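S.K.: So that we are looking at the same thing, I have put the structure below in structure tokens.
What follows is calculated from the coordinates using simple rules that are stated; it is not laboratory data. The shown structure was predicted, so the numbers you read here are calculated from the model rather than taken from an experiment. Counting neighbours? That spans all protein chains shown, and the Cβs are built from the backbone with ideal geometry, glycine included.
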Amino acid sequence: MQSVLSLILGGGRGTRLYPLTKSRSKPAVPIAGKYRLIDIPISNCIHSDLTQIYVITQFNSVSLHRHIANTYKFDPFSGGFVEILAAQQTMQHEGWYQGTADAVRRNIESISSKKYDLVLILSGDQLYRMNFQEMIRTHVTSKADVTIAALPVDENSAQSLGVMHIDSGGQVTSFEEKPKTPEALTKMRVAPEWIDLQGIRSNGRNFLASMGIYLFNRKTLVDLLTSDNATDFGREIFPTAIKTRKVQAHLFDGYWEDIGTIGAFHQANIDLTKPEPPFEFVIDGNPVFTRPRYLPCSRLEKVQITDSLISDGCVIGKGCVIENSIIGVRAIIGDNVTIRNSYVMGTDEYEISSEAAAAMASGIPLKGIGSGSLIENAIIDKNARIGREVKIVNKAGLVETTVDSPTHTISDKIVVIPRGATLRDGTEI
């Protein structure tokens, strides 16, 4: 049994997920009503018997720190931990992390311990389920220095991902980050027969894309990071490592979604409402873990719900119609509200009577969604105050907005209401 340290990269500014990342880091963004994105890699580690985990953070990390502290607690005798490695100024470094490799390099003291044989590096903003022991087995049996998890993809997907070419034994011979030209892409094509021989049907997927999941021999990682000032794994570390080290590909053929944009985030959540969703949060008794909450059952009265997920502690008024949507924890929804193809994140805490009275006296809507409102193809972030008879439908059909409004933005045609925003009665978007 190899001793493995897991490093989860907490992400940069998350500009493509703005405004969901205005006050939180990408891994702290709520998903599926009651989880956070960070719960996915941590749960995968735990179910793979990897319980020594660091999370490297930098931007807007307060809520992420709070979530991890309130969720992941191990028996003190087990040796397991989930700890934060926050960006900090030192005598050697005064600036922010400059990339994925630089973030790991700046925490090299935490990974240099000889008690670790291997270091597993993961992203904090992906949705997938994977047994890392299988990847470790590939790494050990192939006697690799580095192993990269690889997903078969088609040509269209390959253009926006890091892709690799391999030899007949699965060793990576070249790596290209987001191929810029047709010629560069053609060079990375993998014979579909080889993919089929690995027990995975190629089905027109002739490229192997990096999943952003890397397994290093500890000494190899330390040597690569200390030998130069490379800041990024995909663009700099791997092209160098392929020339001097054995870099192996580990094939994976399950559901994997990189939650990088508002459109991808919205679609990934809406897909979870399908009768047969592409991703399950509980399989064979192995749940995705998250913070335990002591909330009452949701209360619904004469409500029509179709293909949707309703989280704990919600109060949904009579006459509501909810279709293909996710309703997050503590969501308060008035009477006769219609919600379609949307993600309503709910609230962090219930509004107490004195706060509600003060809001009403000031003409401010209460937390939640007011009666008679219509919401379609939208994301309503936490603690939003949506008044009565509000319509959020992107009536202008905009793809993107260029102005940073305090009430809403539109990205990939999805209307996003920021955290804590207020939309007064009768507002139309």
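S.K.: If the cut-off is 19 Å between C-alpha atoms, which aspartates and glutamates fall inside it for Lys115, apart from same-chain ones fewer than 8 positions away?
M.R.: Once the sequence-local aspartates and glutamates are set aside, what remains near Lys115 is Asp49, Glu83, Asp145, Asp223.
S.K.: Then there is this: With +1 on each Lys and Arg Cβ and -1 on each Asp and Glu Cβ, how big is the dipole of the chain about its Cα centre, in debye rounded to the nearest 20?
M.R.: In total the dipole reaches around 560 debye.
S.K.: Which listed residue (Val415, Pro182, Tyr72) has the Cα farthest towards the positive end of the charge dipole for the chain, taking +1 on Lys and Arg C-beta and -1 on Asp and Glu C-beta about the Cα centre?
M.R.: Of the listed residues, the answer is Tyr72.
S.K.: Now for a separate question. Show me, for the stretch 330-341, the HN-Hα J-couplings you get by feeding each phi into the Karplus relation (A = 6.51, B = -1.76, C = 1.60, θ = phi - 60°), rounded to Hz, glycine and proline as x.
M.R.: With the stated coefficients, the stretch 330-341 comes to 6, 5, 10, 10, x, 6, 6, 8, 10, 10, 10, 6 Hz.
S.K.: Pick out, from Ser405, Ile310, Cys320, the residue whose Cα sits farthest towards the positive end of the charge dipole of the stretch 293-423, with +1 on the Cβ of Lys and Arg and -1 on the Cβ of Asp and Glu.
M.R.: Of Ser405, Ile310, Cys320, it is Cys320.
S.K.: Ok, one more. For a quick check, take a GNM of the chain with Cα springs below 10 Å and name the residue from Thr401, Thr231, Thr51 with the largest mean-square fluctuation.
M.R.: Thr401
S.K.: To continue, here is another question. Karplus couplings for the stretch 396-410 from phi (6.51 cos²θ - 1.76 cosθ + 1.60, θ = phi - 60°), rounded to Hz, Gly and Pro as x?
M.R.: In residue order, the calculated couplings are 7, x, 6, 8, 9, 9, 9, 9, 7, 8, x, 9, 5, 9, 10 Hz.
S.K.: If the reach is capped at under 17 angstrom between alpha carbons, list the aspartates and glutamates near Lys302, excluding any in the same chain fewer than eight residues apart.
M.R.: Glu323, Asp335
S.K.: Pull up the cross-link candidates among the aspartates and glutamates for Lys22, meaning alpha carbon to alpha carbon under 19 Å and not fewer than 8 places away within one chain.
M.R.: Within the straight-line limit of under 19 Å, Lys22 reaches these aspartates and glutamates: Asp125, Asp348, Asp381, Glu400, Asp404, Asp412.
S.K.: Now a separate question. With charges set only on the Cβ (+1 for Lys and Arg, -1 for Asp and Glu), what does the dipole of the stretch 298-361 come to about its Cα centre, in debye to the nearest 20?
M.R.: Result for the stretch 298-361 is approximately 220 debye, rounded to the nearest 20.
S.K.: How many Å³ per residue does the convex hull of the Cα positions in the stretch 314-429 occupy?
M.R.: Numbers: hull volume 10.5 nm³, N = 116.
It comes to 90 Å³ per residue, whole-number rounded.
S.K.: Measure off 7 Å from each Cα along the Cα-to-Cβ vector at Asp348 and Gln171, then give the distance between these two points in nanometres to one decimal.
M.R.: 5.2 nm
S.K.: Between Asn336 and Asp49, what is the FRET efficiency for a Förster distance of 45 Å, r being their Cβ-Cβ separation, to the nearest 0.05?
M.R.: Using R0 = 45 Å, I get an efficiency of 0.35.
S.K.: Going by amide H atoms built from the backbone, whose H comes under 5 Å of the H on Tyr343, apart from near neighbours?
M.R.: Here the answer is Ile326, Ala378, Ile379, Ile380, since their amide H atoms fall under 5 Å of that of Tyr343.
S.K.: To continue, here is another question. For the chain, modelled as a Gaussian network with Cα springs under 10 Å, which listed residue fluctuates most, Val222, Val329, Val344?
M.R.: Val222
S.K.: I've got another one for you. What list of ³J(HN,Hα) couplings, whole Hz, do you get for the stretch 246-254 from phi and the Karplus terms 6.51, -1.76, 1.60, once you set θ to phi - 60° and write x for glycine and proline?
M.R.: Those phi angles translate into 8, 10, 9, 9, 10, 7, 9, 9, x Hz.
S.K.: Which entries of Lys73/Lys114; Lys73/Lys367; Lys26/Lys243 have Cα-Cα distances beyond 29 Å here? Don't jump to the answer; show the numbers that get you there.
M.R.: Values: Lys73/Lys114 25 Å; Lys73/Lys367 32 Å; Lys26/Lys243 33 Å.
Going by Cα-Cα distance, Lys73/Lys367; Lys26/Lys243 fall outside the 29 Å limit.
S.K.: What whole-number volume per residue, in cubic angstrom, does the convex hull of the C-alpha atoms of the stretch 277-379 give?
M.R.: Values: hull volume 12.5 nm³, N = 103.
Roughly 121 Å³ of hull volume per residue.
S.K.: Now, a different point. Report, in debye and to the nearest 20, how large the dipole of the stretch 230-311 comes out about its Cα centre when Lys and Arg carry +1 and Asp and Glu carry -1 on their Cβ.
M.R.: Here the stretch 230-311 has a charge dipole of around 360 debye.
S.K.: Taking amide H positions as placed in the peptide plane 1.01 Å from N, state which residues far from Cys320 in sequence (5 or more) or on other chains have amide H under 5 Å from it.
M.R.: Amide H to amide H, under 5 Å and 5 or more residues apart or across chains, Cys320 pairs with Gln304, Asn336, Val337.
S.K.: Put +1 on the Cβ of every Lys and Arg and -1 on every Asp and Glu Cβ in the chain; which of Gln133, Ser23, Val344 then has its Cα farthest towards the positive end of the dipole?
M.R.: Among Gln133, Ser23, Val344, the one farthest towards the positive end of the dipole of the chain is Ser23.
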